[in-house]
Amino acid sequence: MVGVGRVSNSAFLADIFSLNRFFNKFSFVLLLIGFATSAYGAPSVVVESPASGSAGSPVFYEAFATSFQCAKGVSSMRIYKAPNVIAYTTKGQHIEAFINLAPGTYHTVVQAFDNCGGVGKTAVDVSVSAATGVSVFLPALPYSTPLHIAASAQNAGCAAGINAMRIYIADGVTPYTVNSNQLNTYLDLAEGQYKLTVQAWDNCGHVFKSQFNRNVLALGSGHAYAIHKTGSTSTLYEFNIAAGGILKNPNGSNALPEYPVGAGANSVTTDPGGWFVYVSTPTKIIGYQISELNGALTPMPGSPFPLNGKANGIAPTINVDRSGRFLYATYQSDTIASYRIERSTGALSSTGFVNAIPSFRATLDMTGQYVYSVGQNNGIHLAGFKINPNTGNLTAVPGSPYTVPGEISDPSAAAAGKYLYVAGALNNGGGEIFGYGIDYSTGALTSLPASPFSASSPNFGIFNLYPDVFGRNLWTFQQQEASSVNGIQSFVINQDTGDLTASPWFLVPPFHIAGFVEDNNGVYIYSSEWVDDEQASDGASAGVSGWPIRENGDLTTQTQFKTKTVPNSISIGDIAVARENPM
């Protein structure tokens with residue numbers, strides 16, 4: 001097993017990482033800026049993996065670069081396995097790749113080039129062993145959620161190679177398996193102590209494993225991105241998330257950072273690593289790389305990416321799976337399209353699509369194994385698909401599609417932990433939520449005995465469901481029939497039965513929810529809002545808000561963290577958050 005840790009471009013920086021690994025990231029960045037400016041005037045390269053030492057092959061490299069003196073940023077990065085011998089090159093400021101190295105000792109160098117002619121580098125000495133077994137490269141300190149796990153396996157004595165690798169987060173509990181000799185994924189884990197096992201099987205009947213304990217921390221999100229719509233144009237706003245979950249303007253009292261995304265932008269999502277952000281429009285998907293330093297965005301190579309489904313003039317809803325390897329686009333026609341994410345640059349490549357029922361909403365389960373889509377076509381129907389962890393392709397789960405009982409309309413779906421919920425508005429007012437248990441061996445659904453569950457107010461229809469990242473709570477956006485009065489209702493999920501207990505607390509804000517997302521540590525909710533003519537005439541305005549989550553799932557009043565930095569907004573669309581990459 002490779003030792004965890006990071007390598008930087010001097011012994012001084014290595015000491016900083018060792019002594020201050022739990023310091024706030026931006027405090028560290030201030031030290032790094034001062035050091036890099038005075039000593040180098042070139043890009044600073046930080047290597048997350050591998051740490052210097054011994055490893056099996058393939059060897060996992062993760063690194064990022066920051067250019068403090070070049071406003072145009074970093075143009076590319078490269079790995080040398082020997083002087084002038086290039087092993088890997090990528091565009092942008094981030095590397096996340098496995099490198100095949102024959103047994104031997106390597107003085108590898110990770111190098112970055114900025115757009116002002118500067119070059120920075122970090123050396124990593126790696127001794128590649130031919131020993132049989134599993135090499136774990138990540139997680140690295142601090143161990144934060146979503147937990148990044150990277151490993152490889154080898155057995156030179158089996159010519160047929162490695163068949164599969166798997167992660168166990170407890171005895172018999174496995175959220176991820178891949179048919180490969182390399183594994184690179186993110187896991188949503190609640191804060192706490194875990195006995196983690198990475199296991200591999202070769203094609204000759206042998207089993208290998210590496211087992212270790214980790215105390216996982218919840219460090220939260222660092223940045224938020226919201227779609228801003230004005231007339232026929234759309235842009236993407238950037239926010240910083242400060243201590244206490246408060247949204248801040250990165251430019252202080254000046255205008256918010258704003259990035260072009262084209263007309264008709266509808267949906268925004270980020271990858272679990274916090275490296276990339278994507279926005280969908282009726283004709284394309286726009287991708288940006290996220291700066292490790294300050295959350296600023298630069299276009300990723302190949303962007304914009306063409307749609308590969310039936311858009312019919314409406315932008316699809318997009319989601320990145322929890323492994324961070326695939327993006328799924330759900331179209332209101334009858335298509336769910338899949339893309340592979342190139343993990344260094346974020347670039348998308350189409351892997352195909354499946355036909356489904358006309359899909360208003362789609363949800364990915366918390367382990368990244370399944371996609372569920374709900375739509376309305378002569379009744380409410382629910383389709384389930386299993387994600388192939390190697391290709392990202394989708395295949396129907398047993399029993400799919402399912403018919404949802406009841407008389408609801410405008411359905412939405414949310415996977416929360418080991419349960420799935422479908423909700424909608426009743427024709428005579430009010431709303432219902434139908435609950436299902438997920439069989440994680442197949443993805444098949446079984447109706448919960450106590451289902452359906454009712455909204456606490458009979459006059460409010462349910463129009464959107466939002467799941468807690470750790471499966472503790474469910475939130476609903478509700479609207480009173482024939483009025484512009486809205487509410488956010490929270491429910492506590494019984495972990496043993498999936499039953500929902502409605503909160504007695506009901507919020508009636510003067511806006512409509514456009515986007516609703518939870519931060520990575522499950523402490524805050526961030527929402528984006530739009531207002532109708534009646535609400536605007538009453539003085540309400542579009543905006544972006546932060547909501548602390550109470551212990552029972554309720555949200556405290558939004559005015560506490562309401563930002564005032566969205567000037568002259570016609571409306572704010574979807575919102576997404578990116579995790580703060582720990583340093």
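The values are calculated or read from the model by the stated rules, or taken from the named source; none is laboratory data. What you are looking at is a predicted structure, and each value in this text was computed from that prediction instead of being measured. Here Cβ is always computed from backbone atoms with ideal geometry, including for glycine, and neighbour counts include all displayed protein chains.
Observations on the structure shown:
- All positions within segment 429-447 that are free of Cβ contacts under 8 Å to residues at least 12 places away in the same chain and of a type in the set (S, T, N, Q): Ser441, Thr446
- Residue list for segment 81-138, restricted to those being under 15 Å from Phe64 (Cα atoms) and of a type in the set (Ser, Thr, Tyr): Tyr88, Thr89, Thr90, Thr122
- Looking across segment 258-278, the residues that are in a loop (DSSP other than H, G, I, E, B) and in contact (Cβ under 8 Å) with a residue 40 or more places away in the chain come down to Gly262, Gly264, Ala265, Asn266, Asp271, Pro272, Gly273, Gly274, Trp275.
- Under the condition of being part of a loop (DSSP other than H, G, I, E, B) and crowded, with 19+ Cβ neighbours inside 10 Å, the residues counted in segment 213-231 number 2.
- Comparison of Ser253, Ser234 shows that the only residue that is surrounded by fewer than 15 Cβ atoms within 10 Å (Cβ to Cβ) and over 19 Å from the mean Cα position of the chain (by Cα) is Ser253.
- Restricting segment 287-318 to residues that are modelled with pLDDT under 90 and among the polar types (S, T, N, Q), the residue that is surrounded by the most Cβ atoms within 10 Å (Cβ to Cβ): Asn308
- Some residue of segment 467-478 being farther than 28 Å from Asp271 by Cα and either of a type in the set (A, V, I, L, M, F, W, C) or not assigned by TED's automatic domain parsing to the domain that holds Tyr237 (or both): no
- Of note, Tyr168 does not satisfy the criterion of being in the same structural domain as Pro50 (by TED's automatic domain parsing) and at pLDDT 95 or above.
- Ser323 assigned to a loop (DSSP other than H, G, I, E, B), of a type in the set (Ser, Thr, Tyr) and buried (at least 24 other Cβ atoms within 10 Å of the Cβ): yes
- Scope segment 421-439; condition buried (at least 20 other Cβ atoms within 10 Å of the Cβ) and of a type in the set (A, V, I, L, M); matching residues: Val422, Ala423, Ala425, Ile433, Ile438
- Meets criteria (of a type outside the set (A, V, I, L, M, F, W, C), over 19 Å from the mean Cα position of the chain (by Cα) and surrounded by 15 or more Cβ atoms within 10 Å (Cβ to Cβ)) for Tyr194: yes
- Of all residues in segment 63-81 being of a type in the set (Phe, Trp, Tyr) and outside any loop (DSSP other than H, G, I, E, B), the one that is modelled with the lowest pLDDT: Phe64
- Top-ranked residue of segment 275-286 - restricted to ones that are surrounded by fewer than 24 Cβ atoms within 10 Å (Cβ to Cβ) and in contact with a strand residue (DSSP E or B) (Cβ under 9 Å, 6 or more places away or on another chain), ranked as farthest from His223 (Cα to Cα): Thr283
- Looking across Ser210, Ser253, Ser234, one residue alone is assigned to a loop (DSSP other than H, G, I, E, B) and hydroxyl-bearing (Ser, Thr, Tyr). It is Ser253.
- Phe353 being in a strand (DSSP E or B), within 30 Å of Lys91 (Cβ to Cβ) and in the same structural domain as Asn473 (by TED's automatic domain parsing): yes
- The lone exception for Arg166 - which of (1) in a loop (DSSP other than H, G, I, E, B); (2) touching a Ser or Thr at 6+ places or on another chain (Cβ under 6 Å) it fails: (1)
- Those residues of segment 326-352 which are more than 16 Å from the chain's Cα centre (by Cα), surrounded by fewer than 21 Cβ atoms within 10 Å (Cβ to Cβ) and either under 17 Å from Tyr370 (Cα atoms) or of a type in the set (A, V, I, L, M) (or both), in sequence order: Thr351, Gly352
- Test: residue in segment 84-97 that is among the β-branched types (Val, Ile, Thr), buried (at least 22 other Cβ atoms within 10 Å of the Cβ) and at pLDDT below 95: no
- Residue check for Ser280: out of contact with any Asp or Glu (no Cβ under 8 Å at 6 or more places or on another chain) and farther than 25 Å from Met366 by Cα: no
- Members of segment 448-486 that are closer than 30 Å to Glu191 by Cβ, among the aromatic types (Phe, Trp, Tyr), in a strand (DSSP E or B) and touching a residue at least 40 places away in the same chain (Cβ under 8 Å): Phe453, Tyr466, Trp475
- Contact map, segment 394-407: residues that are under 19 Å from Val354 (Cα atoms) paired with residues that are assigned to a loop (DSSP other than H, G, I, E, B) and among the polar types (S, T, N, Q), Cβ distance under 8 Å, separation 6+ or inter-chain. Pairs shown: Leu394/Asn388; Thr395/Asn388; Val397/Thr442; Pro398/Thr442.
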